[in-house]
Amino acid sequence: MKVLHILLLLLPCLAFSQISVRHTLNKNNSSYPIVGKNDVATIVYSSSENILVKKSVDFLAGDIESVSGKRPSVSTATKTQEKYPIIVATVGNNDLIAELVAKKKINVDVLKGQWERFIIQTVDDPFPGVKKALVIVGSDRRGAAYGVFTLSEKIGVSPWYWWADAVIEKNKEIYLEKCHYISKGPAVKYRGIFINDESPAFRNWATEKFGGINHQCYEKIFEVMLRNKANFLWPSMWLPTMFNVDDPLNPKVADEYGIVVSTSHHEPMMRAHNEWSVFNGGAWDYEKNKEQLRRFWRGGIERMGNYESVVTVGMRGDGDEGMSEETSVGLLKTIIKDQRQIISDVTGKPAEKTPQVWAIYKEVQDYYDKGLRVDDDITILFSDDNWGNLRYLPKKADLNHKGGYGMYYHFDYVGAPVSYRWLNVTQIERVWEQMRLSYEHGVKNLWIANVGDIKPMELPINFFLDYAWDPASIQATDLPQYYVNWAGQQFGNQYPREIAELLSLYTKYNARRVPEMLTSATYSVENYREADRIVEEYNGLAARSRKLYNQLSDEYKPAFFQLVLSPIELSANVNEMYVAAGKNKYYGERGAAAANYYADRVRHLFQKDEELTKAFHELKDGKWNHIMSQTHIGYTSWNHPPLNMMPAVSYVQVPKPAELGYLLEYGRRPQWGWLDVEADWAFSESLPAFDNLNQQNYYVDILNRGQEELSYSITPQQNWIKVSKPKGVTQYIERVYISIDWGKAPKEGATGKILISGAGKEYTVNVPVRESISSASGYIENNGVVAFEAASFIRKIDNKDVYWTVVPNLGRTSSSVIVEPVTAERQTLTSKSPRLEYEFTVVKPGDLTVHAFLSPTQDFKKSGGLKFAMSIDNEEPQLVNMNEGEIKPDYEYAEWWSKSVADHIKIRRTKHKVDKPGKHTLKIWMVDPGIVFQKFVIDAGGLKPSYLGPTESKYVGSK
């Protein structure tokens with residue numbers, strides 16, 4: 001084991017010194033020995049403290065033992081002569097701390113009356129006979145706990161040591177460098193998670209592991225919450241779960257851990273939804289069944305007692321359904337008024353003395369839009385659209401609402417257009433961008449994330465809670481390093497940067513389209529090599545992660561498997577399976593034996609999915625059995641299928657003798673190159689044009705239409721045509737690439753030919769070469785298309801009030817660009833307005849259509865849509881409303897919404913005309929903040945359908 005010297009590295013707070021990790025001996029002997037060569041610190045706390053302080057002390061002792069192998073003793077003595085005590089306390093509850101304050105050894109004034117703050121400080125000569133002390137003082141019980149767990153994390157105990165089996169590195173000695181750290185308070189008052197949609201995975205796991213979703217199970221949840229500085233919970237609630245009923249110790253243990261329990265958006269007054277049927281209350285209808293509902297709700301408040309809680313008020317329809325269309329704003333106001341009277345009657349205090357929250361979710365948004373407001377002390381909880389896009393943010397005029405605002409966000413969802421519950425599909429960059437909007441618009445009282453089964457959402461949970469604690473500490477430029485830091489927290493010095501890249505890419509790829517929504521038609525088999533590129537990216541990531549797994553020390557492999565390898569391999573496998581199904585259909589319709597190969601491939605990959613899941617469930621002797629059992633293949637509606645169902649495949653009957661066929665990249669319809677019909681429609685006679693700037697290669701798929709092996713050859717008829725494989729033998733399909741030797745190609749342009757032969761047949765295919773282009777700059781048109789990423793601008797123009805910011809890795813294909821500050825006012829367009837500029841070259845004059853690829857942001861301002869403008873060269877900018885036409889019908893999302901959240905993109909188009917070939921400039925003008933620009937595609941007449949759009953064009957020149 002090593003010797004660990006720590007200088008607790010936290011974020012700087014005001015003028016106070018930092019606390020961070022160091023592995024070198026402090027030669028001036030100023031360090032504090034938590035575990036020295038011959039000494040082990042004693043942890044001291046007062047018996048009068050809240051039970052959470054005692055629990056925190058016990059956790060700290062266990063964490064120190066896990067690192068060093070030596071467990072500190074724990075004492076409740078009011079005096080100490082221990083050489084090196086660690087004193088854990090809350091302000092005003094510890095005589096030792098009071099003595100240090102009196103001696104002016106420490107100052108805790110900054111903590112008094114504060115919410116969840118703490119001090120970590122070393123003190124020299126604190127008491128007679130005591131060399132050094134380490135004090136951890138909290139402003140309240142959770143502040144003390146957060147201070148303790150901050151120290152635990154810095155000595156090497158990850159918050160995920162149990163939930164993800166993150167390794168605790170061993171160090172026989174632990175030294176803390178001299179420090180005086182005063183934490184900030186949390187930026188968001190209540191920060192927490194919602195365990196939801198938890199059957200079958202979480203429920204069956206908890207039943208096998210703990211005998212149910214009981215207090216033993218919740219103890220593990222509460223601990224990881226505290227270690228991540230969370231304090232708020234909506235507990236598991238799917239049928240037949242009832243937090244307070246299933247195990248009466250659940251609320252008691254929650255309070256002992258300092259966790260503030262509430263109930264979800266459709267469970268008012270501290271009652272689980274399922275309790276209504278147990279209560280046998282009848283109709284869930286306040287107009288028809290008022291007295292029964294009041295009795296039911298009163299019971300919830302009575303049971304709450306003195307536990308620290310936030311009471312959900314309001315009402316939705318039965319079972320998380322919308323209320324009837326006839327429900328009026330007036331009735332909901334009456335319901336809330338009556339609920340507050342119950343709260344007051346039961347607690348014996350004015351209702352405003354009990355924290356309350358009203359959730360603006362789904363149809364309740366309509367009531368809010370119609371002017372429904374609640375009492376000033378109630379927190380108003382807004383929500384995203386269940387897919388990570390905020391629906392509404394408060395206006396400046398509303399920010400004086402005393403109860404403040406909250407945000408309900410989703411990493412998991414059951415509902416339209418298709419549920420997503422299986423794997424992590426959330427980019428932390430999108431969480432950052434949306435929750436930054438939320439925070440900067442004054443939503444600071446409550447943040448809660450729907451995290452499904454908790455696993456495998458460890459990364460976004462951690463990020464969400466870190467960001468809620470201190471948004472100012474994580475700017476756009478910090479996001480790449482967050483992955484590195486998180487990887488280091490779980491794996492120490494075991495390849496943190498390599499692991500960080502794997503994490504950032506797999507979540508990016510999964511966020512393109514959730515696995516549950518994949519079909520055989522999602523990615524284009526025909527255009528831009530998209531389907532092949534998707535498989536190559538995923539499988540390349542899987543190969544890298546498997547290689548890294550094999551290089552890791554054995555102790556790190558279980559955590560790496562859970563957090564990195566397994567989700568990547570599962571994702572790669574299911575994406576390849578659907579691409580194989582797409583190719584099965586594609587080649588089957590073209591009469592190629594390759595269809596049968598891909599049918600078999602789909603079956604193999606479907607079986608592999610089961611094997612990969614089984615490997616997860618067998619990990620750590622079955623510790624995580626059931627946790628990945630959510631069905632995820634074969635959705636036919638929004639709800640999950642009862643079992644995984646393999647994508648449909650077809651087999652084709654082909655003759656025994658080999659028969660030659662071919663398909664050309666971007667070939668003419670219907671791309672059947674083997675028919676014996678001499679008609680224009682039957683043949684792909686020409687490859688697309690080649691040019692000297694793009695220096696393309698295009699493929700020819702050699703297809704076997706028989707059972708026996710096919711021998712083929714491809715022979716160039718001109719010496720400037722190059723073939724990647726002039727001949728070969730194939731059972732199914734062979735891809736051959738055609739390119740040009742530009743040193744030999746005619747400068748004036750020409751059309752060459754290749755001869756495709758095999759199985760007694762020959763076909764001639766044209767190879768056209770454009771006239772050489774001598775000058776061009778920027779992004780170069782390639783067969784009627786120019787594409788570039790939003791972050792690839794040639795220049796950006798800011799002004800003193802607003803500026804453009806690149807958000808690394810955000811989006812489906814590269815990085816994105818936003819406007820900051822996100823609360824900036826709408827801009828009036830002038831020649832000096834903030835804008836982005838992109839240079840591009842087209843080969844001929846004519847009509848252009850610019851496609852702007854945007855994140856599917858909603859009109860959260862409710863001010864007629866978020867706007868920007870586009871222009872080419874010096875034309876008048878065309879104003880674009882990214883939310884134009886987005887009208888939601890009653891209680892259900894419209895078709896536009898289903899498509900935008902399924903694709904994770906909105907595309908807005910403008911028409912332009914250029915009167916000459918050559919270089920032009922696309923300008924993107926800022927009007928509103930809140931828009932996320934991902935990519936631009938300029939269609940000069942050649943754009944073909946695909947999911948992600950064409951890849952970025954070749955760039956000529958310097959940026």
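Coordinate-derived values only; no laboratory data. Keep in mind that this is a model prediction, so the values were computed, not measured. Neighbour counts run over all protein chains shown; Cβ positions are idealised from the backbone, glycine included.
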In degrees from 0 to 90, rounded to the nearest 10, what is the angle of the helix 458-469 Cα long axis to the longest principal axis of the chain?
60
Go through region 33-47 residue by residue and turn each phi into a ³J(HN,Hα) via Karplus (6.51, -1.76, 1.60, θ = phi - 60°); whole Hz please, and just put x for glycine and proline.
x, 5, 9, x, 5, 10, 10, 10, 4, 9, 8, 10, 8, 8, 5
Gyration tensor on Cα atoms of region 830-895, a ≥ b ≥ c root eigenvalues, a/c under 1.5 rounded, else prolate if a/b beats b/c, else oblate, says prolate
Work out the FRET efficiency for S553 and I51 from their Cβ-Cβ distance, taking R0 = 41 Å, and round it to the nearest 0.05.
0.60
Listed here are the pairs K54/K353; K209/K362; K861/K888; which of them are more than 25 Å apart at the Cα?
K54/K353; K209/K362
Give the angle, between 0 and 90 degrees and rounded to the nearest 10, that separates the Cα long axis of helix 329-347 from the longest principal axis of the Cα atoms of the chain.
30
How tilted is helix 215-227 with respect to the longest principal axis of the chain? Cα atoms for both, answer in degrees (0 to 90, nearest 10).
80
For region 739-747, just list the computed ³J(HN,Hα) in residue order, Karplus coefficients 6.51, -1.76 and 1.60, θ = phi - 60°, integers in Hz, with x standing in for Gly and Pro.
9, 10, 8, 6, x, 10, 5, x, 5
Ranked T522, T715, T636, criterion: other C-beta atoms within 10 Å, fewest first
T636, T715, T522
Beyond 26 Å, how much of the Cα-Cα pair distribution for region 401-535 remains, as a whole percent?
33
Just to verify a number: FRET efficiency for N881 and K753, C-beta to C-beta distance, R0 = 51 Å, to 0.05?
0.50
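So what is the diffusion coefficient of region 515-671 in µm² per second by Stokes-Einstein at 25 °C and 0.890 mPa s, using a Kirkwood Rh over Cα pairs?
141
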Could you tell me whether region 714-770 comes out rounded, prolate or oblate from its Cα gyration tensor? Rule is a ≥ b ≥ c as square roots of the eigenvalues, rounded for a/c under 1.5, then prolate if a/b exceeds b/c, otherwise oblate.
prolate
Can you tell me the relative contact order of region 500-622? Whole percent, Cα pairs under 8 Å, sequence separation 6 or more.
27
Cβ-based exposure ranking for I780, I86, in which fewest neighbours within 10 Å come first:
I780, I86
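Could you tell me whether region 190-474 comes out rounded, prolate or oblate from its Cα gyration tensor? Rule is a ≥ b ≥ c as square roots of the eigenvalues, rounded for a/c under 1.5, then prolate if a/b exceeds b/c, otherwise oblate.
rounded
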Please list, ordered by chain and number, the residues whose modelled amide H lies under 5 Å from the amide H of K935; skip anything fewer than 5 residues away on the same chain.
A790, F853
For the chain, what is the relative contact order in percent, using Cα pairs closer than 8 Å and at least 6 residues apart in sequence?
8
Most exposed first, judged by fewest Cβ atoms within 10 angstrom, W163, W624, W638 run W638, W163, W624
Amide H partners (placed H, <5 Å) of K727, local residues excluded
I714
Non-local amide H neighbours of F690 (under 5 Å, H modeled in plane, Pro and chain starts lacking H): which ones?
V769, R770
Restricting to DSSP H runs of at least four residues, report the calculated mean residue ellipticity at 222 nm for the chain, -39500 (n - 2.57) per run over all residues, nearest 500 deg cm²/dmol.
-8500 deg cm²/dmol
